[in-house]
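Comments concern the structure below.
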Amino acid sequence: MSPKQVFLTGNARYFDENEIIVSKTDLKGCITYVNDIFLRISGFPEKELLGKPHKIIRHNEMPRAIFQILWDGLVTGKEVFAYIVNRSKNGDHYWVLAHVTPSRNSAGEVIGYHSNRRVAKEQALTETIIPLYKKLLNEEKKYDNNKRGLEASMQMVNNILAEKNMSINEFILSI
C-alpha cells in the first residue's frame, strides 16, 4: 500500500515522552522488528509490517530530501537525526525525532538499520521544522521530474546548513 492510496485524516496521534518507538530494518529498508509502541502508534498489526518497506508509514507531507539525507548518512555508516512525520494505518499522523543508526555484525559489517524515535519537540516543529518541510515539499512539487525536484530541495537544505555552518545532525539537535 503506497502512502498516496491512504486517506489522510489530519488527526495527530501522540505517545508519552518516556516512550520510545523502535524499529529495525534490513539493508534495503524492509522491517525486521517493531516494538509494541510502534504497533500502537502506527495502528498496523505486526504481520502487516514485518518484511515490508519502512516507507509503509511514509506521510505524503514528508519531503523526499529529508529521506535522501537520512539514507546518504546511513550508507556511509553514520548515525542520523531527523524530525519525521509518519502516517498511521488509518491516515492519522504523528511526529517523531528519529535517531537512526547502522546495525553491525560481530565483524563490524553493516547488516541493517536501527531507529529509536522519541516525542518531537513541539516548539521545534512549529517554529522550524513544519515551515521548512513545507518549503522543501513545495520546491519538490515545482518540478515534473522527481529527480529535479529532489535536487532542488536538497540544494535548499545544503544552503541552510552552509549558512549555519552546521551538519544536519547539529542543525536538528540545535532546535
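The values are calculated or read from the model by the stated rules, or taken from the named source; none is laboratory data. Here the structure is a predicted model, which means the values were calculated and not measured. Don't worry about glycine lacking a Cβ; one is built from the backbone with ideal geometry, like all the others, and counts go over all protein chains shown. SASA here: full protein model, heavy atoms, side chains in, ligands and nucleic acids out. Shrake-Rupley method; radii C 1.70, N 1.55, O 1.52, S 1.80 Å.
Report the far tail of the P(r) of segment 62-104, meaning the percent of Cα-Cα pairs longer than 12 Å. Don't skip to the end; give the middle numbers.
Details: 559 of 903 pairs.
Summing the P(r) tail past 12 Å for segment 62-104 gives 62 percent.
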Determine the shape class of segment 104-175: with a ≥ b ≥ c the square roots of the Cα gyration tensor eigenvalues, call it rounded for a/c under 1.5, and otherwise prolate if a/b is greater than b/c, oblate otherwise. oblate
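With only Lys, Arg, Asp and Glu charged, each at its Cβ (+1 for the first two, -1 for the last two), find how big the charge dipole of segment 87-162 is about the Cα centre; round to the nearest 20 debye. Write down the numbers at each step before the final one.
Working: 12 positive and 8 negative charges, 27 e Å.
The calculated dipole for segment 87-162 is roughly 120 debye.
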Per residue, in Å², the accessible surface of the chain once ligands and nucleic acids are set aside, probe 1.4 Å: 56
Whose amide H sits under 5 Å from the amide H of I111, counting only residues 5 or more places off or on another chain, with H placed in the peptide plane? S103, R104, N105
Quick query: amide H of K89 versus all other amide H atoms, modeled in the peptide plane; which residues come in under 5 Å with a sequence gap of 5 or more or a different chain? G43, F44
Could you tell me the largest-minus-smallest coordinate of the C-alpha atoms of segment 22-125 on each of the three principal axes, in descending order and whole angstroms? 40, 32, 20
Extreme residue, positive dipole direction of segment 49-108, given options A82, L97, M62 (C-beta unit charges): M62
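Please give me, ordered by residue number, the GluC sites (Glu not before Pro) of segment 51-140 that lie in loop per DSSP and have at most 13 other Cβ atoms within 10 Å. Walk me through the numbers on the way to the answer.
On the way: sites: E61, E79, E109, E122, E127, E139, E140; in loops: E61, E79, E109.
In loop regions of segment 51-140 (DSSP not H, G, I, E or B), the sparsely surrounded GluC sites (Glu not before Pro) are E79, E109.
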Going through K47/K164; K24/K147; K28/K134; K52/K78 one by one, the pairs whose alpha carbons sit over 32 Å apart turn out to be K47/K164
Quick one: with all protein chains in place, what share of the accessible area of the chain is carbon or sulfur, to the nearest percent (1.4 Å probe)? 50
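Give me the mean projected area, in nm² to one decimal, of the convex hull enclosing the Cα positions of segment 1-64.
On the way: hull surface 20.0 nm².
Directional mean of the projected Cα hull area for segment 1-64 stands at 5.0 nm².
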Give the cross-link partners of K55 among the aspartates and glutamates, using a straight C-alpha distance below 14 Å as the criterion and excluding same-chain residues fewer than 8 apart. D26
Spelling it out for Y33: with amide H atoms placed in the peptide plane at 1.01 Å from N, the residues 5 or more places away or on another chain with amide H under 5 Å from its amide H are K24
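Inverting the mean 1/r over all pairs of different Cα atoms, compute the Kirkwood radius of the chain and quote it in Å.
On the way: mean 1/r = 0.0597 Å⁻¹.
It is 16.8 Å.
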